[in-house]
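As C-alpha cells, the structure follows; a few thoughts come after it.
Nothing in this text is a laboratory measurement; each read-out follows from the coordinates by a stated rule. Given the structure is predicted, the values throughout are model-derived calculations rather than measurements. No Cβ is skipped: glycine too gets one built from the backbone with ideal geometry, and neighbour counts run over all protein chains shown.
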Amino acid sequence: MFKRIKKLDEKITNKIAAGEVIERPASVVKELVENSIDADAKAITIEIKNAGKTYIRITDDGIGIYRDDIELAFERHATSKISSDRDIYNLNSLGFRGEALASIASVSNVEIITKTKDDEFGIRAEFRNGKIVYKNEVGCPVGTTIIIKDLFYNTPVRYKFLKSDATETNYISILVNKLALSHPEISFRYIINNKNIFTTPGNKDIYSAILSIYDKEIAKNLIEIYNKKDDVKLRGYISNINYSRGNRQMQSIFVNGRYIKSKIITKAIDEAYKTLLPLNKYPACFLYLDINPNMIDVNIHPAKTEIRFHNEEFIKNFISNTIKEKLLNTNLIPTIKMEK
Ligand code: ADP
Ligand code: MG
C-alpha cells in the first residue's frame, strides 16, 4: 500500500481526538517505530543514548518517503494513511493523525535519510525548530532512518520534567518490548548506549520473540492458547500457576497487531486466575486478539493505547473462559517451593 502524503482537511481533523503530546523520549520512540511498522518494515533498529534525551535513532527497511513529500511529512495533519473521515472507523494503520513528525520536529533536532524503491537516490534532510534547513541527495538503501537529537532543547520546562536516565530508559524498554511482541513477523533490534539488548528473529513465531526479549524463567512456564468464536480470534501464551509476579508488567495485550490497554481484558485475566494465584500476584499473559475493526473503537484516546470494544461482555467472557479452560486442562498441581 503506497500512498502519497496529503494534508487532511479541517472536516476530518476536527473529528480526530485532540492532539498527541510528545512528553518524553518514549513517546518519540513509540511514534517513530509505529511509522516504521506502518511502512511495512521487515526489520527495525531502535538505538538510544542517554535515555533518549540526547539521541534516538530508528532505522527501518520500509517503503520510504518520496523526496518531494519530505517537507509535507513534517507538517501538521499531513498523512498518507487516511484520506476520508470514513477511514478513521476502519483503520488498519497505527498512525493516522499526521501529527507525530511535526510535533517531534518542533522540540528536537531531526535528521532523516530516506529512499523509496522508485527513487535512484535517497534524500538526507535536517530540521531545526520544525523547519527544513538542509536537503540533499545521498546513496542509501530503501527505507528510512530518523535521528532525533537533543529532545526538548528548546522547551526547558518539558526537559526539566523528565525523570532520571534509568527511569526514562525503563519506559522506553517496556515500550520496545511491547512493540517487538506486537509484530513477531518483524525483526526488532534494540540498542542502549552502544550495547545490544535484544534482537527478535522476525520469523512470526510469538514464542521465540518472547524468548529473545525476556528471561528463560518465564519462557519455560508458558502455555500456548488458541480459540476462535464468531469474528474473534485469540491466540498467545499464558503462564502456568507456578509463575507469578508482583505487578502486571508481564501482561501484554495486542488487538489487530496493536499494543493496547483494556480494563475489560485485565478483568478477564484476573477472573481466570482468581483462585489459582496468591493475592496480589499476577500471571504472565501475551494475548493476541484478532477482531473485525468495526467491532472496536480506537479513537477515544490520543495516545491510542486505550481501546473500547463494542461488545465488552462477550470479549471478557470469551477470554476468561479460554484461559480458564486451558488452565484446567493443564497440570494444575503446583510444584512445591520451599519458602524461606
Ligand atoms: P501519521 O503516522 O499519523 O500519518 P506522522 O507525522 O507520524 O503521521 O507521519 C507523517 C507521514 O510521513 C506518514 O503518513 C507517512 O506517509 C510518512 N512517514 C513517516 N515515517 C515514515 C517511515 N518510517 N517510512 C515511510 N513513511 C513514513
Ligand atoms: Mg505516525
Unit-weight point scatterers at every alpha-carbon of region 215-329, Debye formula, q = 0.20, 0.23 1/Å: log10 I(q)/I(0) is -1.09, -1.39
Under a Cβ-Cβ cut-off of 14 Å, what is the net charge of the residues other than Phe121 that fall near it, where Lys and Arg count +1 and Asp and Glu count -1? 0
Note on region 6-199: the mean projected area of its alpha-carbon convex hull, in nm², is 10.9 nm²
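How high is the relative contact order of region 167-273? Use alpha-carbon pairs under 8 Å, at least six apart in sequence, and give a whole percent.
Details: 112 pairs, mean separation 18.4, N = 107.
Normalised by residue count, the contact order of region 167-273 is 17 percent.
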Straight distance only, please: which aspartates and glutamates reach the Cα of Lys49 with their own Cα at less than 13 Å, same-chain residues fewer than 8 apart left out? Asp150, Asp165, Glu168
Tell me, what ³J(HN,Hα) does each residue in region 142-158 have, in order and in whole Hz, if you take phi through Karplus 6.51 cos²θ - 1.76 cosθ + 1.60 with θ = phi - 60° and put x for Gly and Pro? 4, x, 9, 10, 10, 10, 10, 10, 6, 4, 6, 4, 9, 10, x, 5, 5
List the residues, sorted by chain then number, that are 5 or more residues from Ile307 or on another chain and whose placed amide H is less than 5 Å from its amide H. Lys261
Surpassing 20 Å at the alpha-carbon level, of the pairs Lys30/Lys53; Lys229/Lys316; Lys178/Lys216; Lys53/Lys160; Lys30/Lys115; Lys7/Lys81, are Lys30/Lys115
Kirkwood hydrodynamic radius over Cα pairs of the chain, then Stokes diffusion coefficient at 10 °C and 1.306 mPa s, in µm²/s: 74 µm²/s
Each residue of region 48-62 in turn: what ³J(HN,Hα) in whole Hz from Karplus with 6.51, -1.76, 1.60 and θ = phi - 60°, glycine and Pro shown as x? 10, 10, 6, 6, x, 5, 9, 7, 9, 10, 10, 10, 9, 10, x
Using Cβ counts within 10 Å as a stand-in for footprinting exposure, how do Thr275, Thr155 rank, fewest first? Thr275, Thr155
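Tally Lys and Arg at +1 and Asp and Glu at -1 over the other residues with C-beta under 10 Å from the C-beta of Phe161: what net charge comes out? Each step should come with its number before you reach the end.
Values: positive: Arg24, Arg158, Lys160, Lys163; negative: Glu23.
Local charge sum for Phe161: +3.
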